[in-house]
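Report on the structure given below.
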Amino acid sequence: MDIRPRRNRKSSAIRSLVEETHLKTSDFIFPLFLLEGSNDRVEVESMPGIYRLGLDHMLKEIESCLKLGIKAFDVFPVVSESYKDQEATNSYNTDFFYHKALKRIKEEFPEAAIMTDVALDPYSSDGHDGIVKDGKILNDETLEVLGKQALSQARCGIDIIGPSDMMDGRVGYIREVLDDNGFTEVSIMSYTAKYASAFYGPFRDALDSAPKSGDKKTYQMNPANQREALIEADLDVDEGADFLMVKPALAYLDVIKLLKDNYAQPIAAYNVSGEYAMLKAAAEKGWLDYDRVMAETLLSIKRAGADIILTYHAKEFAQL
């Protein structure tokens, strides 16, 4: 045989020379859950090793992650029911604990890239990403609230706005609001292809943000559809998105590749809570080598075309 592919696998040194995909801690955005109490720390039962953190604990967590080479964080608020209403008014209240915490985080760690979530569900008494009326999710009426929310977060000094609501036209609306108010340098990472997935369960446990009625299938994408992601991506690019995201990641590697092959914008993928929980549960049973499977999972997302990976594995991977 003239051609023997095994020659390029014969040693670790040779394998490293021909390795095609490289995974780095700087590829990651680490999602964090913020509690109102500054000294609170509560583990998410369905996500072993992941905690809801009060501000003091979150500052320590960010500091330790920065030392490991993780430079970007997506901060989600855990909002108690007493703060929620149908109009999600606390989503743009600059005196709310979330906004105060964002300011403090940027003051303490100006070198960190801080991303925030723009959607109504953490603040809505209905638990939906948009305003609900007569059982319907109102698209255009929701945009006004999303714009206020994005602007209030930009005023806290954050770096990246992450619209996760899947309302039509929200990227363009938010971009216009930010630009009109002088925040032209604030980036938008659009949840471009966010599917109506069953893998979000543990995340909704962490934030207590599940819909009170119905589901999110009228605004999140049908898991059966791939070409529809191109429609969403075209719109987001035209409206000014700086990054395009696919969520979830593992069951949608084909969609990640599709966007990577068709767009010049950096592609992000969200390795979601259910994907994290599955590995943790299997590892606890002794069925998988957690460290190896975690690394292989993240590598598969990068190999599919993701430039950026939002993942709860970020710190554990960095510690390896």
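The values are calculated or read from the model by the stated rules, or taken from the named source; none is laboratory data. Just so you know, these numbers come straight off a predicted model, no measurement behind them. Cβ placement follows ideal geometry from the backbone for every residue including glycine, while neighbour counts extend to all protein chains displayed. Side chains included, ligands, DNA and RNA excluded: accessible areas come from the protein's heavy atoms. Shrake-Rupley method; radii C 1.70, N 1.55, O 1.52, S 1.80 Å.
What the table below lists for this structure:
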item: Single residue of the range 64-79 satisfying the filter (of a type outside the set (A, V, I, L, M, F, W, C) and surrounded by fewer than 22 Cβ atoms within 10 Å (Cβ to Cβ)) that is nearest to Leu32 (Cα to Cα); result: Asp74
item: Search result, residues across the range 35-52 that are touching a helix residue (DSSP H, G or I) at 6+ places or on another chain (Cβ under 6 Å), closer than 26 Å to Leu320 by Cβ and open to solvent by less than 70 Å² (accessible area, probe 1.4 Å); result: Val44, Ser46, Met47, Pro48
item: Where Asp74 falls short, out of the listed (1) over 27 Å from Glu239 (Cα atoms); (2) under 16 Å from the mean Cα position of the chain (by Cα); result: (1)
item: Residues that are over 14 Å from Ser164 (Cα atoms), in contact with a strand residue (DSSP E or B) (Cβ under 7 Å, 6 or more places away or on another chain) and at pLDDT below 95, drawn from the range 98-133; result: Ser125, Asp126, Ile131
item: Residue list for the range 175-195, filter: assigned to a helix (DSSP H, G or I) and open to solvent by 10 Å² or more (accessible area, probe 1.4 Å); result: Arg175, Glu176, Val177, Asp179, Asp180
item: Within the range 253-320, helices (runs of 4 or more DSSP H) holding 1 or more residues that are farther than 24 Å from Val75 by Cβ and among the hydroxyl-bearing types (Ser, Thr, Tyr); result: 290-304
